[in-house]
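Peer 1: Next up is a structure, given as structure tokens.
The values are calculated or read from the model by the stated rules, or taken from the named source; none is laboratory data. This is a predicted model, so every value here is computed, not measured. Glycine also receives a Cβ, built like all others from the backbone with ideal geometry; neighbour counts cover every protein chain displayed.
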Amino acid sequence: MTPPYRLIDVATGETVFDNMDTAPGKFIEVWSAEVQHAPTALISEGSLERPDDTVDPPDPPDPPDPPDPTPPGGSMDYPKNEQELKQCLQGYADNNYVGMLDPRTSVDLSETITIPTRSTTGAPWGVNGNYAKINYRGRGGDVLKFEGVQGVNNRGLTVKNLVIDGGDVANMSGQGAQSCLNFSAPLGDNGPIYRFHIENVFLAGAVNGLILEGGVYEGEVRGIYVENCTGDGIILRHMLPAPGNPIVSNVLFWHVNSSRNYGAGLRTVYSVYLFGGSFILNGGGGVVAPEGIRGAWGCNGENTGGENQCVFDVPSNGYGSFIEGGEASSNGDTRCRKWNGTAWEDVGKPLLYYINMGQGVIQEANHCSYYGAGQNPMRVVK
């Protein structure tokens, strides 16, 4: 028994004495007495020896449960070379999740990384680069390519927060990659890429920055920055004629900045909406839309004149084209140029118009800002 002790009246259950204790090794007894503090007769049945204070230690606590195994994508990946980067990207695709790269990632590639779009869950999958850098050291080919697969209706492909250098930023000689990023679905409806998402990608130094081709549709590009390409910064194109009707359609662009390219800032198919675009010093114009363009709002171009010396070149109305609230700004002389090894030569022409448009195209509330010398040569419509 562990002290202290209590003496209880068994008849009533009342406590007679409480907190009775003595030094370890001594005894506790009950005596009768004629007067207080003068015991004369032992009336307890025996003596209780006070035990030592030493007690057995309590049982140690149970060990904590082991942590759950880290699920795929539970932490950032830090690839150090080409092979490791490819394994990461392929792993994200195989396991159907959006993986994240460590922001310190900076990998040189000698050849294209191609990821087949085999995911069928419909959930978002792909890569959040955390502004990782991919640097191309090969020639030709795409840096990063996602390709449609026969019989797979792929949905949810996500590519965001990546910086891709096509290898030709310094020279702009056409000797780098064909594109920095390519979503390609040549099989059309037999292997499409749809409901895709591209966000905050920085592309430079290839022939084209971004290519969307074939059966790529019902997706969005939200924040894209393209520069120093020797062709068009961004190009959307059908892959006809071919089985499966591989056409690009229903693409939504939010805030495009595609500038300082020898081609157009954006060369597009009809089925596109463009909200907010900036096109500066392109040799082929700002937006070239041979089929027309569904709609564009709040887009500006500066010194970005192509063949028709305009920000928007829309020779066809398509199924209805509407361009509103944009600006063309120029000094009437500056144009895109390139160094040929001995001298500068013109690639583009001075920007003089906001839009060159075919019959039926609607333009509204667009304007020009001239900051050159002499009489203003600019007009909204060519």
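Peer 1: Exactly one condition in (1) in contact with a Ser or Thr (Cβ under 9 Å, 6 or more places away or on another chain); (2) closer than 25 Å to residue 330 by Cβ; (3) without any contact (Cβ under 8 Å) to a residue 60 or more places away in the chain is not met by residue 230; state its number.
Peer 2: Among (1) in contact with a Ser or Thr (Cβ under 9 Å, 6 or more places away or on another chain); (2) closer than 25 Å to residue 330 by Cβ; (3) without any contact (Cβ under 8 Å) to a residue 60 or more places away in the chain, residue 230 violates only (3).
Peer 1: Exactly one condition in (1) of a type in the set (A, V, I, L, M); (2) closer than 25 Å to residue 317 by Cα; (3) surrounded by fewer than 21 Cβ atoms within 10 Å (Cβ to Cβ) is not met by residue 212; state its number.
Peer 2: Every listed condition holds for residue 212 apart from (3).
Peer 1: In this structure, is residue 264 at pLDDT 95 or above, assigned by TED's automatic domain parsing to the domain that holds residue 198 and over 19 Å from residue 218 (Cβ atoms)?
Peer 2: Yes, satisfied.
Peer 1: Turning to a different aspect of this structure: Looking at (1) in a loop (DSSP other than H, G, I, E, B); (2) over 24 Å from residue 217 (Cβ atoms); (3) assigned by TED's automatic domain parsing to the domain that holds residue 235, can you tell me which one residue 341 breaks?
Peer 2: For residue 341, the exception is condition (3).
Peer 1: Provide a single number: the residues in segment 329-372 that are of a type in the set (Phe, Trp, Tyr) and either at pLDDT 95 or above or buried (at least 18 other Cβ atoms within 10 Å of the Cβ) (or both).
Peer 2: Of the residues in that region, 4 qualify.
Peer 1: Check whether at least one residue in segment 187-198 is over 24 Å from residue 98 (Cβ atoms) and buried (at least 24 other Cβ atoms within 10 Å of the Cβ), and report yes or no.
Peer 2: No: zero hits.
Peer 1: Still on this structure, please answer the following. Looking at segment 125-136, is at least one residue hydroxyl-bearing (Ser, Thr, Tyr), within 15 Å of the chain's Cα centre (by Cα) and either in a helix (DSSP H, G or I) or crowded, with 20+ Cβ neighbours inside 10 Å (or both)?
Peer 2: No.
Peer 1: Name the residue, out of 263, 292, 276, 284, that is over 18 Å from residue 211 (Cβ atoms) and either assigned to a loop (DSSP other than H, G, I, E, B) or more than 25 Å from the chain's Cα centre (by Cα) (or both).
Peer 2: Checking each option against the conditions leaves just 292.
Peer 1: Something else: Tally time: how many residues in segment 220-234 are small (Gly, Ala, Ser) and either modelled with pLDDT under 95 or surrounded by fewer than 20 Cβ atoms within 10 Å (Cβ to Cβ) (or both)?
Peer 2: Total satisfying the criteria: 1.
Peer 1: Being in contact with a Phe, Trp or Tyr (Cβ under 9 Å, 6 or more places away or on another chain) and of a type in the set (D, E, K, R) is the filter; apply it to segment 154-187 and report the residue that is modelled with the highest pLDDT.
Peer 2: 165
Peer 1: If you don't mind, another one. Right, residue 64: surrounded by 11 or more Cβ atoms within 10 Å (Cβ to Cβ) and modelled with pLDDT under 80 or not?
Peer 2: no
Peer 1: Condition first: surrounded by fewer than 14 Cβ atoms within 10 Å (Cβ to Cβ) and either under 35 Å from the mean Cα position of the chain (by Cα) or not assigned by TED's automatic domain parsing to the domain that holds residue 289 (or both). Can you find one or more residues in segment 320-328 that meet it?
Peer 2: yes
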